[in-house]
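Everything on this sheet refers to the single structure shown next.
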Amino acid sequence: MALNGRCLCGGVTYEVVGELPTHDGDLPLPVYCHCTDCQLHTGGAFFASCMAPLAQFALTQGRELLTRYETRPGVYRSFCSRCGSSLFYENHDEPGQLYFALGTVPGFPLQPRAHIFVRSKVPWYEIADDLPRFDAYP
Ligand SMILES: [Zn+2]
Ligand SMILES: [Zn+2]
């Protein structure tokens, strides 16, 4: 499998090759995260993302446009400095991997498999599926 991701303006592009992981520890993947940081980063109700080992990930264009904001020590959220697309989540406690936003991969083929940080879900969005729900991490 090869996935092609991009930001809104197309300046940043990336590729993920090979089989995507189905778990990150106990966390099923892909995942909907309802934490407050994800809401503020995306401007939406949640951040839908999947982890990619860096060995399977390549930034193919736009490194100069990619900007990282350190939300907490060692936690970075990346976005395109030209169009503002929310792209990646990285945690230095988990080296060798990143999370990419499913919405930046047109036609992403897999369904998310869990909801996390449901304790901070926005009141104006109702979860309407039967996926496992966790107040924080599983
Ligand atoms: Zn862009
Ligand atoms: Zn989150």
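The values are calculated or read from the model by the stated rules, or taken from the named source; none is laboratory data. Values in this document were obtained by computation on a predicted structure and should not be read as measured data. FYI the Cβ positions are ideal-geometry reconstructions off the backbone, even for glycines, and counts take in every protein chain you see. Please note that ligands, DNA and RNA were not included when accessible areas were found on the heavy atoms of the full protein model with its side chains. Shrake-Rupley method; radii C 1.70, N 1.55, O 1.52, S 1.80 Å.
Where does the charge balance sit around residue 75 when Lys and Arg score +1, Asp and Glu -1, over other residues with C-beta under 15 Å from its C-beta?
Numbers: positive: 68, 72, 77; negative: 24, 37, 70, 90, 93, 94.
Every neighbour counted, the sum reads -3.
Just need the relative contact order of the chain here, percent rounded to a whole number, with Cα pairs under 8 Å and 6+ apart.
Details: 286 pairs, mean separation 39.0, N = 138.
For the chain, the relative contact order is 28 percent.
Around residue 87, what is the net charge, scoring Lys/Arg as +1 and Asp/Glu as -1 over all other residues with Cβ under 11 Å from its Cβ? Don't jump to the answer; show the numbers that get you there.
On the way: positive: 6, 68, 77; negative: 90.
With Lys, Arg at +1 and Asp, Glu at -1, the net is +2.
Using θ = phi - 60° and the Karplus curve 6.51 cos²θ - 1.76 cosθ + 1.60, what whole-Hz ³J(HN,Hα) does each residue of segment 30-45 get, with Gly and Pro shown as x?
x, 9, 9, 10, 9, 6, 5, 4, 5, 4, 6, 5, 8, x, x, 6
Accessible area of segment 2-138 with a 1.4 Å probe: how many percent of it is carbon plus sulfur? Walk me through the numbers before you get to the answer.
On the way: 3720 of 7170 Å².
Using a 1.4 Å probe with all protein chains present, segment 2-138 comes out at 52 percent carbon and sulfur.
Grab the other residues whose beta carbon is less than 13 angstrom from that of residue 65, score K and R as +1, D and E as -1, and report the net. Display every interim value, and only then the final one.
Values: positive: 6, 63, 68, 82; negative: 64.
Cβ neighbours under 13 Å give a net charge of +3.
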